[in-house]
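Student: Sharing a structure below in structure tokens format, with a few things to ask.
The values are calculated or read from the model by the stated rules, or taken from the named source; none is laboratory data. The model shown is predicted, which means the values in this text are computed figures rather than measured ones. Neighbour counts are summed over all protein chains in view; Cβ atoms, including those assigned to glycine, are modelled from backbone coordinates with ideal geometry. Please note that ligands, DNA and RNA were not included when accessible areas were found on the heavy atoms of the full protein model with its side chains. Shrake-Rupley method; radii C 1.70, N 1.55, O 1.52, S 1.80 Å.
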Amino acid sequence: MSKTISLDDLRRLLVQCAGEATDVDLTGDIIDTDFEEIGYDSLALMETGARLESVYGVVIPDDDIAELKTPRALLDRVNQTLVEAS
């Protein structure tokens with residue numbers, strides 16, 4: 001298992017969990033863009049959290065995931081958890 005996940009890994013999970021908004025380019029520079037601006041609401045993020053748990057073993061409580069507003073914030077949390085667990 002990888003010690004960290006990349007923005008590309010997160011992009012794939014987001015699309016798998018909730019699809020992709022037609023007017024948003026996820027391949028662009030979205031690292032600091034609010035999830036709502038790129039078309040992902042709290043339900044989509046909870047689904048992404050569940051997928052992160054099943055694929056990477058990272059548990060992020062629903063209340064916490066709601067506080068992670070950008071891909072960077074979510075990646076930082078996931079990667080910190082992965083590094084601490086290794």
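Student: I need the full set of residues from region 32-56 which are over 11 Å from the mean Cα position of the chain (by Cα) and either under 14 Å from E67 (Cβ atoms) or polar (S, T, N, Q) (or both), in order please.
Tutor: T33, D34, E36, S42, S54
Student: Return yes when I5 is open to solvent by less than 30 Å² (accessible area, probe 1.4 Å), in contact (Cβ under 8 Å) with a residue 40 or more places away in the chain and within 12 Å of the chain's Cα centre (by Cα) and no when it is not.
Tutor: On the way: open to solvent by less than 30 Å² (accessible area, probe 1.4 Å): yes; in contact (Cβ under 8 Å) with a residue 40 or more places away in the chain: yes; within 12 Å of the chain's Cα centre (by Cα): yes.
Criteria met by I5.
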